[in-house]
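Reviewing the structure listed below.
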Amino acid sequence: MKKKFIITIDTEGDNLWEVRNSEKSMSRISNRNGAYIERFQLLCEKYGYIPTYLTNYEMALSEPFRDLARAGVKDHKLEIGMHLHAFNSPPLYNLTDRRGGNKAYAGEYPLAVLDKKIEYLTKFLEDNFQTPIKSHRGGRWYIDAEYIGLLAKHGYTVDCTVTPGMDWRDNKGQTQDSKGIDYRGFPKSAYEMSAREPARHGKSGMVEVPVTVKADLSVRKYARAMLWGEKITFGKWFRPTGNNLNELIEIVEWNKKKKTDYIEFMLHSSELMPGGSPTFAYEWQIERLYDELEELFAYMSADYEGVGLADYAARFLTKGKQGGFSCR
Ligand SMILES: [Zn+2]
């Protein structure tokens, strides 16, 4: 049986890597990359893959993307999910402490405020794209147990924020003691999440489908880390740079031998536009990205078939209830 190929696209404004955490900077966020998504969609359709566009607030306002997505949803050629950038998603809420110096994580807001942000964006996406919203990825790779509880309350069935083996604690948020999540020791394959800490296996009704990350822990690297006291958290994730086809194929080969029944790819919509990200600043880099994607997608088509996140999660929960799956 073929494994599932889950394509996740964080669909967000142009070059947010360069947007600072200030009102002025945030008010200038543009969404021009919405006009560049169609080429990627057509490539997916060529192989029958069904990308999930995890969409944030400003991209729900992009007309070219909205038109493409509405038609695609009707034809079951794509899925729309939510990508919440809590720092820039209505209703806005002013966290006065700015000593972290970075954009706020969802967990820095009072729970009632986060609840309102989820409620607002869910409805906004459902109205704009005329489809139920069931899948989610947290901004800045942030998810916690209370957040999962809120998502379940708002009808979500699946999240894909976990990056197994990666530790984001060095990345501060906006407030003084804020930090990212440490995903070392988290499951590498799908599982039902808990809405209580630690947010791992549980019965929230929400399925976590972690991004595919291959541990990259050579003996040399381990020895270096021991010697210099460096953190050993680096993994190779299934994410194209336009110059890493061999690495992506190596991850596919590794994934084929694993027990897991899926592989999960990630990219930002802004990375599909020249100048939309630091990785793809020029047109030739975008062309090279598409050359590599074409080769990768064709290569995978013998062993993998496309599925949207919500469909994957629905099947996962049914399988679990029939006893066909053990939560390990
Ligand atoms: Zn994002």
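The values are calculated or read from the model by the stated rules, or taken from the named source; none is laboratory data. Predicted model only: the values in this text are computed from it and were never measured. In this analysis, Cβ positions are derived from the backbone assuming ideal geometry, glycine residues included, and neighbour counts consider all displayed protein chains.
The number of residues in region 174-186 that are in contact with a Lys or Arg (Cβ under 7 Å, 6 or more places away or on another chain) and not hydroxyl-bearing (Ser, Thr, Tyr) comes to 6. Take the residues of region 89-109 that are among the hydrophobic types (A, V, I, L, M, F, W, C) and more than 17 Å from the chain's Cα centre (by Cα): which is farthest from Asn21 (Cα to Cα)? Only one residue fits best here, namely Leu92. Farther than 14 Å from Met82 by Cβ, away from the ligand (no atom under 16 Å from the Cβ) and not charged (D, E, K, R): is that true of Ala152 in this structure? No.
Listed here are the residues, each with its yes/no results for (1) at pLDDT 95 or above; (2) part of a loop (DSSP other than H, G, I, E, B); (3) closer than 16 Å to Ala69 by Cα.
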{"position": "Gly100", "(1), (2), (3)": "no, yes, no"}
{"position": "Ala104", "(1), (2), (3)": "yes, yes, no"}
{"position": "Gly107", "(1), (2), (3)": "yes, no, no"}
{"position": "Leu114", "(1), (2), (3)": "yes, no, no"}
{"position": "Ile118", "(1), (2), (3)": "yes, no, no"}
{"position": "Leu125", "(1), (2), (3)": "yes, no, yes"}
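Residues in region 262-288 that are surrounded by fewer than 17 Cβ atoms within 10 Å (Cβ to Cβ), of a type in the set (Phe, Trp, Tyr) and not in a loop (DSSP other than H, G, I, E, B): Trp284 only.
Annotation: Thr96 fulfils all but one of (1) touching a strand residue (DSSP E or B) at 6+ places or on another chain (Cβ under 7 Å); (2) surrounded by fewer than 18 Cβ atoms within 10 Å (Cβ to Cβ); (3) hydroxyl-bearing (Ser, Thr, Tyr); the unmet one is (1).
Consider region 33-63 and keep the residues that are within 20 Å of Leu121 (Cβ to Cβ) and surrounded by fewer than 20 Cβ atoms within 10 Å (Cβ to Cβ). The one that is nearest to the ligand (Cβ to nearest atom) is Leu61.
Per-residue answers, yes or no, for (1) more than 16 Å from the ligand (Cβ to nearest atom); (2) polar (S, T, N, Q); (3) more than 18 Å from the chain's Cα centre (by Cα):
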| site | (1), (2), (3) |
| --- | --- |
| Asn243 | yes, yes, yes |
| Leu248 | yes, no, no |
| Val252 | yes, no, yes |
| Lys256 | yes, no, yes |
| Thr260 | yes, yes, yes |
| Ser269 | no, yes, no |
| Leu289 | yes, no, yes |
| Ser301 | yes, yes, yes |
| Ala310 | yes, no, no |
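Applying a threshold of 9 Å to beta carbon distances and a minimum spacing of six or more residues, or different chains, the list of pairs starting in region 131-146 at a residue that is at positive phi and within 16 Å of the ligand (Cβ to nearest atom) and ending at one that is part of a helix (DSSP H, G or I) and of a type in the set (A, V, I, L, M) reads Arg140/Ala86; Arg140/Ala106. Of all the criteria given as (1) touching a residue at least 60 places away in the same chain (Cβ under 8 Å); (2) farther than 29 Å from Ala71 by Cα, the one not satisfied by Asp10 is (2).
Checking region 6-14 against the condition returns a match, with at least one residue being buried (at least 17 other Cβ atoms within 10 Å of the Cβ), farther than 21 Å from Ala313 by Cα and not small (Gly, Ala, Ser).
Scoring Val113 on the criteria (1) over 16 Å from Asn31 (Cα atoms); (2) within 15 Å of the ligand (Cβ to nearest atom) leaves a single failure, condition (2).
The set of residues from region 1-27 being small (Gly, Ala, Ser) and either within 16 Å of the ligand (Cβ to nearest atom) or touching a strand residue (DSSP E or B) at 6+ places or on another chain (Cβ under 6 Å) (or both) comprises Gly13, Ser25.
Just the residues that are modelled with pLDDT under 85 and either touching a strand residue (DSSP E or B) at 6+ places or on another chain (Cβ under 9 Å) or assigned to a loop (DSSP other than H, G, I, E, B) (or both), please, taken from region 294-328.
Just the residues of region 294-328 that are modelled with pLDDT under 85, to begin with: 319-328.
Gly320, Gln322, Gly323, Gly324, Phe325, Ser326, Cys327, Arg328, listed by residue number.
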